[in-house]
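*Asks:* Below you'll find the structure I mean.
Nothing in this text is a laboratory measurement; each read-out follows from the coordinates by a stated rule. This is a predicted model, so every value here is computed, not measured. Cβ placement follows ideal geometry from the backbone for every residue including glycine, while neighbour counts extend to all protein chains displayed.
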Amino acid sequence: MSNQESRSSAADESAGQVNSQWIASQWIAGQINSQWIARRAVESLQQRVTAIAAELTDALARETALRREKEELLQRQDTLTQEFEHRLVNSLQLIVSLLSLQSRKTDSPEAAAQLSMAAKRVGAFGRVHRRLHLLDHLDTVELRQYVGHLCEDLTDMLFDGNPAHLVVVEGAKIEVPTRLGIPLGFIVNELITNAAKHANGEITVRLETTPDLGHCLSVSNDGPVLPNDFDPGGKAGLGLKIIQALVRGINGRLQVGPGRGQQGASFKVFFPSTA
Ligand SMILES: Nc1ncnc2c1ncn2[C@@H]1O[C@H](COP(=O)(O)OP(=O)(O)O)[C@@H](O)[C@H]1O
Ligand SMILES: [Mg+2]
């Protein structure tokens, strides 16, 4: 190799080194730049996360405050309802006392009996309200428990502890809208009063849900068989007229027939669950 040739190859080598150093420095600069961009991205992400966390904390605090407010309002509503029911039951009790007093004061035995019956019916409304209110949760009431309590009240009142007139409540547990509780409670009251008055032996209250006819509440008793031509819509007394009006009010249907073993009587009230 001539001197000239060896000088030019050294120059090429040094130019190559400068070039690769320049590439290396560019690569390093690129790395630094992308690290800086990544750090900025992380910082801005952290800022957003902090902002979102603050928003969430605020929202949670607002939700807690709203929930507390809602609980307070519900509690207040409950207290007001209790207070209202309490006053209603007291007022009904006052009317019962007035009617009973008037019944004792009248000279006509017929008027006295009517007034005493009216006092008993107002008293029944009081019991229905009291029992319903104790069980009413979230606008529905469990019928078997409710009817069971009403029957305990009626047994104490009508039979004065005489076990000859046992009242048995049986059948399915049925949850119904609370607004059905008042008419159904009053119907039970009238039917059991009738069974106690016109029949004897055990009285059975049964609750069922039939696939095609909806719910069914029946009151059956042993004792005298109802006449074949018994027509509850005929010359019936006030009790059956009230029962029929209440059954119509819940879009129901009253069916009357003989009781167990073709003995006694059975009054069945069919009613839709959404009546
Ligand atoms: N469970 C029953 N067993 C036998 N007869 C009954 C029964 N329920 C009702 N009755 C008959 O139906 C009639 C009408 O009943 P109701 O309208 O409640 O009037 P009241 O009970 O005042 O007589 C009764 O007088 C009675 O003859
Ligand atoms: Mg009657």
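*Asks:* Given 0.36 nm per residue, what is the gain on full extension from Ala112 to Glu63 after removing their alpha carbon distance, in nm? List each step's numbers first, then the result.
*Replies:* On the way: separation 49, 0.36 × 49 = 17.64 nm, distance 6.14 nm.
So the chain would gain 11.5 nm between Ala112 and Glu63.
*Asks:* In the chain, what is the count of Lys pairs whose alpha carbons are under 19 Å apart, counting only pairs at least 8 residues apart or on separate chains?
*Replies:* So the count works out to 8.
*Asks:* Take the Cα of Val256, step 7 Å along the line toward its Cβ, and report every residue of the stretch 97-122 whose backbone nitrogen sits under 12 Å from that point.
*Replies:* In the stretch 97-122, the label zone of Val256 (backbone N under 12 Å from the point 7 Å along Cα→Cβ) covers no residue.
*Asks:* Separate question: Can you report the principal axis dimensions of the stretch 71-173 using only the alpha carbons, biggest first, rounded to whole angstrom?
*Replies:* Each principal axis gives a Cα extent; for the stretch 71-173 these are 56, 34, 17 Å.
*Asks:* In whole percent, what relative contact order does the chain give with Cα contacts below 8 Å and a gap of six or more residues?
*Replies:* Details: 313 pairs, mean separation 31.4, N = 275.
Answer for the chain is 11 percent.
*Asks:* Compute a Gaussian network model of the chain, connecting alpha carbons closer than 10 Å, and tell me which residue from Ser108, Ser100, Ser116 fluctuates the most.
*Replies:* In the Gaussian network model the winner is Ser108.
*Asks:* For the stretch 139-275, what D do you get in µm² per second when you plug the Kirkwood radius from alpha-carbon pairs into Stokes-Einstein at 25 °C and 0.890 mPa s? Working shown, then result.
*Replies:* Values: Rh = 15.0 Å.
Once the numbers are plugged in, D ends up at 164 µm²/s.
*Asks:* Moving to a separate point now. Would you mind telling me which residue in Ala124, Ala172, Ala65 has the biggest mean-square fluctuation in a Gaussian network model of the chain, where springs connect alpha carbons within a distance under 10 angstrom?
*Replies:* Ala65
*Asks:* Evaluate 2.2 N^0.38 Å with N set to the residue count of the chain, then give the Cα radius of gyration divided by it. Could you put the intermediate results ahead of the total?
*Replies:* Working: Rg = 41.7 Å, N = 275, 2.2 N^0.38 = 18.6 Å.
Cα Rg divided by the expected 2.2 N^0.38 Å: 2.24.
*Asks:* Comparing Thr64, Thr209, Thr79, which has the greatest mean-square fluctuation in the GNM of the chain with Cα pairs linked when under 10 Å apart?
*Replies:* Between Thr64, Thr209, Thr79, it is Thr64 that shows the largest mean-square fluctuation.
*Asks:* So, one more: Output the 0 to 90 degree angle, nearest 10, between the alpha-carbon long axis of helix 143-159 and the longest principal axis computed from the alpha carbons of the chain.
*Replies:* Once rounded, one gets 30 degrees.
*Asks:* If you don't mind, there's one more thing I want to ask. Using label points projected 7 Å from each Cα along Cα→Cβ, tell me how many nm separate Ile182 and Gln102, to one decimal.
*Replies:* 2.1 nm
*Asks:* Moving to a separate point now. For the chain, what does the helix formula give at 222 nm: sum of -39500 (n - 2.57) over DSSP H segments with n ≥ 4, over the residue count, nearest 500 deg cm²/dmol?
*Replies:* Working: 5 runs with 177 residues, N = 275.
For the chain, the value works out to -23500 deg cm²/dmol.
*Asks:* While we're looking at this one, here's another question. Rounded to the nearest 10 degrees, what's the angle between the helix 181-198 long axis and the longest principal axis of the chain, both from Cα atoms, 0 to 90?
*Replies:* For helix 181-198, the angle is close to 30 degrees.
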